[in-house]
Amino acid sequence: MTDAIALEGVSKRYGDEALGLSALSDIDLSVPHGQFLSVMGASGSGKSTLLNLIAGLDRPSSGRVFVHGQDVGQLSDDARSDLRLHEIGFVFQSFNLFPNFTVEENIVWPLKFLRVSWKEAQRRAAVTLEQVGIETTALERRPGELSGGEQQRVAIARALVTEPRLLLADEPTGNLDSRTGQAVLDLLLELNRERRLTVLLVTHSTFAATYGHRTVEIQDGRIVNDVHASDSQGRIVPIGR
Ligand code: ADP
Ligand code: MG
């Protein structure tokens, strides 16, 4: 079966292609469907660059990025937008909700591009909001009236409302206190288990990383460690490179 994500010899240089420093160097990575992968690394190590390449928000300088078997670099701009819209949910550290929109308007936002009717969009917003553990009475509120943890749940609902198979989360607990952060991680784990959603979680936290089936560590744009946790006993088994 095709992997959810496959990177083959991916490098990314910003600025001058010849002189620019490499944000990512020769990355090979396969992520099977349904895997919960944690990506760890210091600030500036290339984690967000990796997510942006997978989401097709940027193109690699060399190498190929596949999402559900589609070569993202070869797609037209429209096809890449379509892939993002249908297959990928993206969650950020700073939530990135529209502050002047209600919770409902935030969640239905991506559905506008799918030409879903307003009534159906409203129905899906309510269902999705409940799935992330927030009562539908919050639909008419604005993000500023919610706690940080609730805002991140709304952002997750917005990411999920299109029913993607892949969720990319860039330090989603970075702005949350540890207890609220843990609840958000529990939610990601539940979504991974119950929907077989492939999750790629970027985190600074070794605790957060333990939610993954596997942890990949990036240093200066290279993968320096790739460790699987065995499901049965939760043992960490280094696979080596
Ligand atoms: P992380 O998310 O791990 O903190 P990033 O992927 O954001 O790291 O950045 C990796 C490296 O690439 C850093 O040295 C950063 O300064 C550089 N970088 C990231 N985005 C850009 C950009 N748009 N233009 C130039 N350099 C960038
Ligand atoms: Mg980053």
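Observations on the model:
- Ellipticity at 222 nm from helices only: DSSP H runs of n ≥ 4 in the chain, each -39500 (n - 2.57), divided by the residue count, give -10000 deg cm²/dmol.
- Choice from Thr128, Thr173, Thr210 showing the highest fluctuation, given a GNM over the chain with Cα pairs closer than 10 Å: Thr210
- Mean Cβ neighbour count within 10 Å, used as a protection proxy, ranking 85-93, 164-172 highest first: 164-172, 85-93
- Taken per residue, the accessible surface of segment 61-144 reaches 54 Å², heavy atoms only and a 1.4 Å probe.
- Amide H to amide H distances under 5 Å link Leu24 with Lys12, where only residues 5 or more positions off or on other chains count and H is placed in the peptide plane.
- Evaluated over the chain, the Cα radius of gyration and Dmax, each in Å: 17.8, 54
- Anchor Lys47: aspartates and glutamates whose Cα lies under 15 Å away (excluding residues fewer than 8 positions away in-chain): Asp26, Asp28, Asp58, Asp170, Glu171, Glu217, Asp220, Asp226
- Taking every DSSP bridge with both residues inside the chain, close to 55 percent are antiparallel.
- In the chain, Cα pairs under 8 Å separated by at least six residues give a relative contact order of 26 percent.
The values are calculated or read from the model by the stated rules, or taken from the named source; none is laboratory data. Quick caveat, the model's predicted, so the values are computed rather than measured. A quick note on method: Cβ atoms are made from the backbone with ideal geometry, for glycine too, and the neighbour counts reach across all protein chains shown. Heavy atoms of the whole protein, side chains included, go into the accessibility calculation; ligands, DNA and RNA do not. Shrake-Rupley method; radii C 1.70, N 1.55, O 1.52, S 1.80 Å.
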